[in-house]
1. Name the lysines eligible as straight-distance cross-link partners of residue B:336: C-alpha to C-alpha under 28 Å, and not fewer than 8 places from it in the same chain.
2. Can you pull out the chymotrypsin sites (Phe, Trp or Tyr not before Pro) in segment A:148-197 that DSSP calls coil and that have at most 16 other Cβ atoms within 10 Å?
3. Output needed: percent of Cα pairs per 10 Å distance bin for segment B:65-130, bins running from 0 to the one holding the longest distance.
4. Please go through segment A:197-264 and write out the trypsin sites (Lys or Arg not before Pro) that DSSP classes as loop and that have at most 16 other C-beta atoms within 10 Å.
5. When each pair of different Cα atoms in segment A:221-307 is counted once in the 1/r mean, what is the Kirkwood radius in angstroms, to one decimal?
6. If you place +1 on the Cβ of every Lys and Arg, -1 on the Cβ of every Asp and Glu, and leave all else neutral, what size is the dipole of the protein assembly as shown about its Cα centre, to the nearest 20 Debye?
7. Between 0 and 90 degrees, rounded to the nearest ten: what's the tilt of helix A:2-29 against the longest Cα principal axis of chain A?
8. If the reach is capped at under 17 angstrom between alpha carbons, list the lysines near residue A:215, excluding any in the same chain fewer than eight residues apart.
Amino acid sequence: MARYIARRALMTIPVLIGASFLIFWMVYALPGDPVRALAGDRPLTPAALAAIRDEYNLDDPLLIQYGKYMLGLLQGDLGTDFAGRPVIDTITQRLPTTVRLALTAIVFEIIIGLTAGVLAGVRRGSYMDNLVLVSTTVVVSIPVFVLGFVAQYAFGLRLGWFPIAGLSDGFRSYILPGLVLASLSLAYVARLTRTSLAENLRQDYVRTARAKGLKPSVVVGKHTMRNSMIPVVTFIGADLANLMAGAIVTETVFNLPGLGRAVFDSVLRQEGFVVVGIVTIFVFFYILFNLVVDILYAVIDPRIRYD
Amino acid sequence: MSETLTTPQFAGSVGVPVLEVDDLHVEFRTTYGTVSAVNGITYSVNKGETLAILGESGSGKSVSVQAVMGILDTPPGFITSGSIRFHGEDILKMSSHKQRILRGPGIAMVFQDALSSLNPVFSVGHQIGEMHRAHQGASRREAKAKAIELMERVGIPAARERVNDYPHQFSGGMRQRVMIAMALALDPEILIADEPTTALDVTVQAQIMELLSDLQADTGMGLILITHDLGVVNEVADRVAVMYAGKIVESGTIDEVFTSPTHPYTAGLMSSVPQAESKGTRLNPITGQPPNLAAIPAGCSFHPRCPHARVGSAAAPGRDCAVEVPDLREVRPGRKSGCHYSEELYGE
C-alpha cells in the first residue's frame, strides 16, 4: 500500500507539469493584448508598454515564457499579477474561503444526500422514496444561480436567518452558499445511495444477515451500507475536488472572495501567471482526492488490493 | 392435511417433533399476478433426524424453508395460511423480536452459494463471531476465539491464521465450511441446508455432506436438506419429501421411496437418473416442463406430464386427475402419496 501511494505521488509530478503547460498555452492563445486592455482608454506610452511586456515576458515565444515561469516556480516564485501583487498572496488569501465553502457543501452533501438516499432506498416505492425522487429531480433542474437568489431572498431577506452575502458573519456566512453549492451534488448523492442500497438489499448476503437473527438496523446499517457506499464514496471524493475548483457562480452570487472568482477574473484580464497558479492548485486537488478515493476503496472493500 | 410426516419409529423414539410445519401456503404477489409458490405443505423434523426435501427448481422447496426461517422477501412473498411450530409454539404468532432471536440458536440456515451469501467486506471470523456478539453479547476477543474454534470444528486448516481472511480468499468448499461454521455457531436445534453442495465440485460435495452428517451426529440437531440431487439425498437423509408445484407429492423413509415410489412423479425422477449399467441407451426424462406457478394446472398439478393420468371418462368417480385435487394420504404405513391412483399403479 505504501509503495502504491508513493508511486501515485510520483505520478502527480508529470501531470502537474503537463496541466500547467496546457493552461499556460491556452492563456497565451487568447486573442487580445492584456496590457492594452489593462490600460483602458488612456493609451500607454510605447516605452511604458514595452517595459510591462518585458517584465511579464509577453514578447517571448510560448516555450521561453513557460520555461521562465517554471524556473521561477522552482525557486518558489509563482510570479505576480499586473498590479504587482504576488500570485502566492492571492492564493493564500483566497484559499481558506474556498476550502471552507467546499467543506460546508460536502458536509451538507453527505448528511442530507445520504439520509435521503437511505430513506428512499430502504423502501422503494414508498411515500418517502417518491418524495426524494421528485425533490431531487426539481433540484437538479434548477440552475444554481436561481437557487442562490431564491435562498438569499427566502432565508436571508425574508426570514433573516443567515447573511444574504459576504463573509461578515463568520461560519454562518457559509451556510447558505454551502447549501446552494451542495444542492446539485446532494441530489446525485441521494439518488446514487438510493439505487446502490436498493440493489445491495437484494443480494444474498443480506438474506444471510437476516437469517443470522441480526437486528434490521444492523442488517441495513452495517451489512448493506458498507457495500452500498463504494460508488457513493467515489462520487463524493471526485465532487470534493470539483467543489474546491468550481464555485464561480456561487461565489459570485454570494459575493465570496474565493479562488473560483479569482480565476474567473484573471481569465478575463488574461493574467497568465494567476490563472496557471490557481488552476494548477485545482489540478493538484483533483489528483489528491482521487488518490484518497482509491485508498478508501481498499478500506471499504477488501477485495481491492494495490500491490 | 393436518397429519405430520413423522414415521412411527421416529415418533416413538424421540417424542414431540422440534419443528412442525402445518399446511403452509406461500404466495408471491407481483404486478404480473399471484404466484402460488407453496400450496399447503406439512412436515415435521425430530431431533437428530434428517429430512430431505427433494424437488426441481421452481418446485417451492427453497421458498418453503425461507418461510420457516422468516427471511421471505415481504413484499412480494406472503405466508397466507398455515403454521410453523417450534417446540409446539407457532413462530408465525411470535413477536418479531422473538422470531429474530430464534434465528441462530433455534433454527439456522446454510445457503447454496457461499460466495454471494457471505458478506464480501467482512472477514470470515467477524461474520462467524457476529453470531456470538449479537445473540450472547460476547466481546470482540471472545467472538474471535469462538470463531477460530468453530472454523477448526468444520475442518478449515490453519483456522487461527485464516480467521481474518475475507470470503474471496477461500476456495468454494472452504467457503461453504465457513457458512456451516456460522450456522452452527449457536448450536441450533434445527439446521436448514438449502442446496448446500450445488455450487461445489463433486469431490468437495461429498466432503461437505460428510461434514454435515458428522456434525449432526455430534450435536443431535435436526437437519432439513433441500436438494434436487438424488445422490445426496440417498446418502444422508432418513426421510424424504418430494415436492412438485409447491406441494409434497410423496413422502416416506428414504429406502422405501427410492426403491418403490408411490407417485408417478417420483417414479419418473428415479428412472431419469443416468445409470452406469444402462450406458449407451437414451436417458429417460419426464416429458414436458414443470408448471408455471402463476398458473398451476387444475386437479393434480402433475397430470399434464403424467403417463398414467386418467382424465374424463377414463377416470374413476371423484378421481379425475384433471379435476379433483388429490390429497396427500397414507398409502402404506409411514408412506404418503398424493396420487389418486397410487394403489392401482404401485400396489398396496
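Values quoted throughout were computed directly from the atomic coordinates according to the rules given, and no laboratory measurement underlies them. On a predicted model such as this, the values are computed, not experimentally measured, just so you know. With ideal geometry, Cβ positions are generated from the backbone for all residues, glycine too; neighbour counts draw on all protein chains shown.
1. Once the sequence-local lysines are set aside, what remains near residue B:336 is B:47, B:61, B:247.
2. Of the chymotrypsin sites (Phe, Trp or Tyr not before Pro), the ones in loops of segment A:148-197 whose Cβ has at most 16 other Cβ atoms within 10 Å are A:161.
3. In whole percents, the pair-distance histogram is 16, 45, 30, 9.
4. The qualifying sites are A:202.
5. By the Kirkwood definition, the hydrodynamic radius is 14.9 Å.
6. 1400 debye
7. The angle comes out near 50 degrees.
8. B:98
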